[in-house]
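Asker: Below: one structure in structure tokens.
The values are calculated or read from the model by the stated rules, or taken from the named source; none is laboratory data. Predicted model only: the values in this text are computed from it and were never measured. Backbone-built Cβ (ideal geometry, glycine too); neighbour counts: all protein chains shown.
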Amino acid sequence: LGEIDTHKFTAELAAIESVFDKPLAMKGMILQLNIPFVSEMLNKVLFVYIKRHPLYNAQSLLESRIRFFGDREAWYSFKPEEHEHLKNLDVAEQVAGQVYFTNRAIEEGLSQISSDRSLTVNYEEFCIAPHKVFQRLGAKLSQQGYDALRDYAGPDSFQATNQIRLPAEDCQAITAAYERFSGMEITP
């Protein structure tokens, strides 16, 4: 982190906002492990954490491995700090661990910043009532001085993709692995 040119980083973000003359929203895959650092670097920022049921999240990662690489063994998406350990485990343990350790890192990072700089959203809640999430988002942005109160103009709902698509043995292996990592039992 000490090697990051924070001035250049913030200037580039500001340039993107300036070109489009709109606030910037982005998926912060690399930033998710450095939430307190990024929070300190930016004057105004809102971290939106969309939390999904771990089994469906792991299933999505496993399906993405196959879709993008044609191989269940090929790592897909961001690598948590525990990647070196996870990469030597079986596939179910890899995706369960990836979900667990990534979520844990995000939650630990969010716990270290002011609550007006974060919003945790349940995936299913967002799909059922996006207008309510929009209102919560606007309220959080207002806490930082933005005039964010707008009428919601999006869809009434989204279709949640929380359906089991993996074979039962994969689901059982993922839930067992997640329980080993987290100490929590998860059921679909």
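Asker: Could you tell me whether P36 is assigned to a loop (DSSP other than H, G, I, E, B) and not polar (S, T, N, Q)?
Answerer: Values: assigned to a loop (DSSP other than H, G, I, E, B): no; not polar (S, T, N, Q): yes.
No, not satisfied.
Asker: What number of residues within segment 61-118 satisfy the criterion of being of a type in the set (G, A, S) and in contact (Cβ under 8 Å) with a residue 12 or more places away in the chain? Full working, then the answer.
Answerer: Within segment 61-118, the subset of a type in the set (G, A, S) is 64, 70, 74, 77, 92, 96-97, 105, 109, 111, 114-115, 118.
Next, from what is left, pick out any that are in contact (Cβ under 8 Å) with a residue 12 or more places away in the chain: 64, 77, 92, 96-97, 105, 109, 114, 118.
The total comes to 9.
Asker: Hey, D90 hits all of (1) modelled with pLDDT of 95 or more; (2) surrounded by 14 or more Cβ atoms within 10 Å (Cβ to Cβ); (3) of a type in the set (D, E, K, R) but one; which does it fall short on?
Answerer: So D90 meets the others, but not (2).
Asker: Which pairs turn up if I take residues in segment 136-165 that are without any contact (Cβ under 8 Å) to a residue 24 or more places away in the chain and within 23 Å of E124 (Cα to Cα) and look for partners that are assigned to a loop (DSSP other than H, G, I, E, B) and among the aliphatic types (A, V, I, L, M) with beta carbon separation below 7 Å, at least 6 apart in sequence or on another chain?
Answerer: Taking only residues 6 or more apart or on different chains, the pairs are G138/A148; G138/L149.
Asker: Suppose we filter segment 137-182 for residues that are within 21 Å of the chain's Cα centre (by Cα) and closer than 22 Å to Y56 by Cβ; how many remain?
Answerer: If we filter segment 137-182 for residues that are within 21 Å of the chain's Cα centre (by Cα), which is where we start, we get 137-141, 157-164, 174-175, 177-179, 181-182.
From what is left, the residues that are closer than 22 Å to Y56 by Cβ are 157-164, 174-175, 177-179, 181-182.
Residues that pass the stated criteria total 15.
Asker: Could you figure out which of (1) more than 27 Å from L31 (Cα to Cα); (2) surrounded by fewer than 18 Cβ atoms within 10 Å (Cβ to Cβ); (3) among the hydroxyl-bearing types (S, T, Y) isn't true of S77?
Answerer: Looking at each condition in turn, S77 falls short on (1).
Asker: Among residues belonging to segment 23-58 that are β-branched (V, I, T) and over 15 Å from the mean Cα position of the chain (by Cα), point out the one that is farthest from M184 (Cα to Cα). Spell out the reasoning first.
Answerer: The initial filter retains those residues of segment 23-58 that are β-branched (V, I, T), namely 30, 35, 38, 45, 48, 50.
Restricting the remaining residues to those that are over 15 Å from the mean Cα position of the chain (by Cα) gives 38, 45.
Working: V38: 30, V45: 32 Å.
If we take residues in segment 23-58 being β-branched (V, I, T) and over 15 Å from the mean Cα position of the chain (by Cα), then V45 is farthest from M184 (Cα to Cα).
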